[in-house]
1. Please give the peptides 166-172, 84-90, 23-29 ranked by average Cβ packing (other Cβ atoms within 10 Å per residue), highest first, as a rough proxy for protection.
2. Under the definition of Cα pairs under 8 Å and six or more residues apart, what whole-number percent is the relative contact order of the stretch 142-255?
3. Considering all alpha-carbon pairs of the stretch 100-168, what whole percent are spaced by more than 18 angstrom?
4. Where Lys and Arg each count +1 and Asp and Glu each count -1, what net charge lies around ALA106 among other residues with Cβ under 13 Å from its Cβ?
5. Magnitude of the Cβ-charge dipole of the stretch 178-250, K/R +1 and D/E -1, about the Cα centre, nearest 20 debye?
6. Report Rg/Rh for the stretch 49-105, rounded to two decimals, where Rg is the Cα radius of gyration and Rh the Kirkwood radius.
7. With the radius of gyration and the Kirkwood radius both derived from the Cα set of the stretch 116-255, what is their ratio Rg to Rh?
8. About its Cα centre, how strong a charge dipole does the stretch 61-163 have in debye, to the nearest 20, once Lys and Arg get +1 and Asp and Glu get -1 at the Cβ?
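Nothing in this text is a laboratory measurement; each read-out follows from the coordinates by a stated rule. Please read these numbers as outputs of a predicted model, since none were measured by experiment. Heads up, the Cβs are rebuilt from the backbone with ideal geometry, glycines too, and the neighbour counts pull from every protein chain shown.
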Amino acid sequence: MSIARLQKEKLTNLPFYEERVDLACAFRWTARLNMHEAVANHFSLAINDDGTRFLMNPNQVHFSRVKASDLIEIDANDPDTLSGPNAPDPTAWGLHGAVHRNVPHARCVMHVHSIHATVLASLADSTLPPIDQNSAMFFNRHVVDAHYGGLAFEEEGERCSQLLADPKVKVMVMGNHGVLVIGDTVADAFNRMFYFERAAETYIKALWTGRPLRTLSDAIAEKAASEMDDYPGQAERHLAELKAILDEQEPVYRN
């Protein structure tokens, strides 16, 4: 019997175990991709119907060390959250709490300061144009917050959450800050975050050339985005493959 299977069977009584495993995998793989930032940044996953209770990484633990059992359970409607012994990072509470309170379709929320998305967020025009298939995925599906107001404590989090009211919008480029991605599941959000960073990297490097960009027409960009919206099973397979690799190389993430 494999180590990974033994780990899984040992912890089947942990609440929301499979969801925790998915999220722990996402943390560790984000670190492998160097899309994390020291002990900052946060992911969360709703665990009740209205999305107001959610799992989140513990305060200032490195993404590469997060395990399934480490994830803390938070109530977005509990004003005493930050006074408890297992309180989350205050900016995590401010941003993710507001999104989970106000955006019920945001089941999973991922916020990073990944290099290329943050470079994009630093440009005067932080819109991602459809210059290739990956960037076309986000045509009419991302929004730019151009009103950075400091660290994402509660007031800033509330303001940002209002920009995600349209269910079609899955990515918020946080001007002068980073990026926030939402999804229906961990797999959905992680896959979207991965591809947004790749698309931003392509765009930034294309700008480096100083040559004119070959931008897709609105009609073709929307067609490609719609086709990717309906592409079957890619996000689930992506995460499943990453878990399979971690099961072989560092199965402790399931603990």
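1. Result, highest mean first: 23-29, 166-172, 84-90.
2. Contact order relative to length: 20 percent.
3. 47
4. So the environment of ALA106 carries a net charge of +1.
5. 540
6. 0.96
7. Rg/Rh: 1.00.
8. Using Cβ point charges on Lys, Arg, Asp and Glu, the stretch 61-163 gives about 380 debye.
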